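One structure below.
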Ligand SMILES: CC(C)(COP(=O)(O)OP(=O)(O)OC[C@H]1O[C@@H](n2cnc3c(N)ncnc32)[C@H](O)[C@@H]1OP(=O)(O)O)[C@@H](O)C(=O)NCCC(=O)NCCS
């Protein structure tokens, strides 16, 4: 199936490499909202224009699907919604060297980079990135638009709520909950639950910033892992 990559930055290059390695789809080119990139080639693929050129790409190049490759969690989620509204099917980009348990479930627009491990019964929400060499151990639940950075390690039964960022090389011990839109700093070792909208760093991790009001913290949003977000079987690319 012919597809485009939305986002021609660093993460876009990674996603293009994954799609080429997987060999399941023909990548027609990139779409990017930065006009400076338009007309240029990124790793051999043309950047056609912004989202307004999708209709033309559907018509002239038979584009039917897309992967949104934008690092910022919130922006990635918004562009995924826009791509679906424009009539594109959201694909998953899974590197052939990633190891994913047969009974894990993946949403849509999920990127799983080289060497990542996703163990038994994990659920991965829409538009999440499991980056190079990360480990998501058994029965962990990853919400919508989460980024688990390269080399991060989640022990069993960890929940990462929507929009959270788990920094490079960090570790989260078993059964903890990382609150929505929180940030785990590079190299942190998380030994307690992290409140929503909170940044933690260090070993053991300590809070350096919290944007959640007490009221928000009392009514934590739960990740949308049921139904739509995590019901696509792994075998469906
Ligand atoms: C956690 C993070 C987001 C904080 O960024 P920030 O809000 O700009 O924070 P600052 O740089 O102002 O640092 C605030 C304090 O936390 C400390 N700190 C920041 N990041 C830290 C980390 N990863 N580990 C330990 N301490 C850290 C700083 O030394 C500083 O301490 P001080 O107040 O005693 O001087 C950032 O440092 C980080 O780790 N980002 C993750 C990057 C990553 O994983 N990239 C991968 C992309 S694929």
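Any read-out appearing in this document is the output of simple, stated calculations on the displayed coordinates, not a laboratory observation. What you see is a predicted model, and the numbers here were worked out from it, not measured in a lab. Heads up, the Cβs are rebuilt from the backbone with ideal geometry, glycines too, and the neighbour counts pull from every protein chain shown.
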Q. Relative contact order, percent, of the chain when contacts are C-alpha pairs under 8 Å separated by at least 6 residues?
A. 13
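Starting from the Cα gyration tensor of the stretch 138-214, take the square roots of the eigenvalues, sort them a ≥ b ≥ c, and report rounded, prolate or oblate (rounded when a/c is under 1.5, otherwise prolate if a/b is larger than b/c, else oblate).
Working: a/c = 1.43, a/b = 1.14, b/c = 1.25.
Rounded, since a/c falls under 1.5.
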Q. Label point 7 Å out from residue 85 along Cα-to-Cβ: which residues of the stretch 42-64 have amide N under 13 Å?
A. 51-52
Q | Two-decimal log10 I(q)/I(0) for the stretch 2-91, as the Debye equation yields it once each C-alpha is a single scatterer, q = 0.20, 0.26 Å⁻¹ | A | -0.87, -1.56
Q: Take every Cα pair under 8 Å in the stretch 94-229 that's 6+ residues apart, average their separations, divide by the length, and report that relative contact order as a whole percent.
A: 16
**Q.** Ascending count of other beta-carbon atoms within 10 Å, so fewest first, for 127, 52, 97, 210
**A.** 52, 97, 210, 127
(Q) Testing the spin-label approximation: label points 7 Å from Cα along Cα→Cβ at residue 189 and residue 206. State their distance in nm. (A) 1.6
Q: Counting helices only, and only those DSSP H runs with n ≥ 4, report the 222 nm mean residue ellipticity of the chain as the sum of -39,500 (n - 2.57) divided by its residues, in deg cm²/dmol to the nearest 500.
A: -5000 deg cm²/dmol
Q: Could you run the Debye sum over the Cα atoms of the stretch 94-229, one equal point scatterer each and no solvent, and tell me log10 of I(q)/I(0) at q = 0.09, 0.10, 0.17, 0.19 Å⁻¹, two decimals?
A: -0.22, -0.27, -0.79, -0.98
Q. Along each of its three principal axes, how wide is the spread of alpha-carbon positions in the chain, in whole angstrom units, largest first?
A. 52, 36, 31
(Q) If I take R0 = 22 Å and measure r between the Cβ atoms of residue 114 and residue 26 in this structure, what FRET efficiency does the formula 1/(1 + (r/R0)^6) give, to the nearest 0.05? (A) 0.60
